[in-house]
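First comes the structure, then the notes that go with it.
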Amino acid sequence: MLLNQTQFVAKVIGVSAVIAIACKTVAPRLPIPATAAMSLAIVLLPSIVVGAILTWQLWILNHADSSHAGHD
């Protein structure tokens with residue numbers, strides 16, 4: 001059990017490091033216009049994506065529960 005948690009933490013740290021390096025090296029080279037709409041999109045898009053994924057997961061969970069009879 002401890003090995004699984006250690007592997008998970010190592011994967012999270014590895015992915016975080018890759019994302020941080022990509023943001024540091026690639027992001028300054030992207031031609032992103034400095035507009036209010038673009039900055040609003042940059043701030044809100046991660047929350048919208050996470051919300052959509054969690055809503056999808058909740059929908060799948062509820063759909064799977066409704067496919068069989070209850071335990072009443």
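So here's what we get for this one:
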{"item": "Between 0 and 90°, nearest 10: helix 36-65 axis offset from the chain longest Cα axis", "result": "10"}
{"item": "Between helix 2-25 and the chain: long-axis angle, C-alpha atoms, 0 to 90°, nearest 10", "result": "30"}
{"item": "Gyration tensor verdict on the chain (Cα atoms; rounded if a/c is under 1.5, prolate if a/b is larger than b/c, oblate otherwise)", "result": "oblate"}
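Only the coordinates and a few stated rules stand behind these numbers; no lab work does. This structure is a prediction, so every number in the text was calculated from the model and none was measured.
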